[in-house]
Amino acid sequence: MQVFEQQLSHIPEEIKNAWSSSFVFVMENGTKFWHFPARQWTEEQIQEYFLNRYQATSHFIDHPNYHVKQLVVENHPELFVIVPR
């Protein structure tokens, strides 16, 4: 949990304020931020997107206190992926 909170603290407030359950938010290498629409996507569809883009499997970690899920993309520690709920 400590690593998650540390990574989360690097996301600017203006990005956190824009969080919506219709989008997936990505912080790459701690400096580049991007997002894409995923309205009504299932968790499996989001995982498939990252599998196709990075050729890597992934798994979700729920963070209910923060109202988000984190997608951990295997072998890609440079990615911090958040799916708001």
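Derivation of every value follows stated rules applied to the coordinates shown; laboratory data play no part. This structure is a prediction, so every number in the text was calculated from the model and none was measured. Note: ideal-geometry Cβ built from the backbone for every residue, glycine included; neighbour counts use all protein chains shown.
Numbers below:
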quantity: Gain upon complete extension [SER20, GLN2; 0.36 nm per residue less C-alpha separation]; calculated: 4.1 nm
quantity: Three-way shape call for the chain based on the alpha-carbon gyration tensor, with the a/c threshold at 1.5; calculated: rounded
quantity: Full-extension gain in nm, LEU51 to HIS63, via 0.36 nm per residue minus C-alpha separation; calculated: 2.1 nm
quantity: Cα gyration tensor category, rounded, prolate or oblate, for segment 21-71 with a/c compared to 1.5; calculated: rounded
quantity: Value at 222 nm in deg cm²/dmol, rounded to 500, when DSSP H runs of n ≥ 4 in the chain each add -39,500 (n - 2.57); calculated: -8000 deg cm²/dmol
quantity: Net +/- balance of residues flanking VAL26 in space, Cβ distance below 14 Å, scoring K and R +1, D and E -1; calculated: +2
